[in-house]
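Below is one structure, written out as structure tokens; the observations come after it.
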Amino acid sequence: MEDLQLIRLFVRQSFTESGNTEKLIVQQVLNLLQSLNGNPYYLEVMTGLAAQSQDTFRCTFESTTGLKFTPQNFRTVRLKLLAQADAMIIVRTGLSESGAFEIAYNVFAGRKVPMFFAVWQPSPIKTTMLRDLEDLCTTVKYMTFENPNELRKPLSDFMGLLHSQKLATV
């Protein structure tokens, strides 16, 4: 890993509006991201490699952070992670107001890190303000998918772009 370039990923998934089906889709995307590790970069998924659902995310938050789950604690931890990220991967499997908050934070108060929207076909983006964000951030990609395996090449290309961008700033 010492010769590989580290790329830190903040992966956003729906929590309160997700069940087992959505959790499975997100897990397949997380597994796909793991499979992309290797030359010339190493991907660190800062938000964890286990998909969550409305039934698991609060307990997981408490066990991984040692903090009581409150909106303030959750927001503080998430925004600290986002501040350290090189990119944001949004896996949209359902409505997520907190996800919209984190995206807006990245765009208007954060570092404007590149974003990749993986939009599961049954959950299209209906909110006009989340579409076409290219005028606000330098790199924003949108990909609609039915099966997470369809994301392999687009995500690989996105990671290659991140790698190139990081090399250009070194």
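The values are calculated or read from the model by the stated rules, or taken from the named source; none is laboratory data. Since the structure is predicted, the reported quantities are computational estimates derived from the model, not experimental observations. Here the Cβ positions follow ideal geometry from the backbone for every residue, glycine too, while neighbour counts run over all protein chains shown.
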Selection within the range 77-111 - of a type in the set (Lys, Arg), within 15 Å of Val140 (Cβ to Cβ) and modelled with pLDDT of 95 or more: Arg92
The lone exception for Leu79 - which of (1) free of Cβ contacts under 8 Å to residues at least 60 places away in the same chain; (2) out of contact with any Phe, Trp or Tyr (no Cβ under 7 Å at 6 or more places or on another chain); (3) of a type in the set (A, V, I, L, M) it fails: (2)
The range 116-143 residues that are in contact (Cβ under 8 Å) with a residue 24 or more places away in the chain and surrounded by fewer than 17 Cβ atoms within 10 Å (Cβ to Cβ), paired with ones that are outside any strand (DSSP E or B) and among the acidic types (Asp, Glu) (beta carbon under 6 Å, 6 or more apart): Gln121/Glu146
Residue in the range 88-111 that is outside any helix (DSSP H, G or I), more than 21 Å from Lys23 (Cα to Cα), out of contact with any Ser or Thr (no Cβ under 6 Å at 6 or more places or on another chain) and of a type in the set (Val, Ile, Thr) present: no
Asn31, sole failed condition from (1) within 16 Å of the chain's Cα centre (by Cα); (2) crowded, with 16+ Cβ neighbours inside 10 Å; (3) not hydrophobic (A, V, I, L, M, F, W, C): (2)
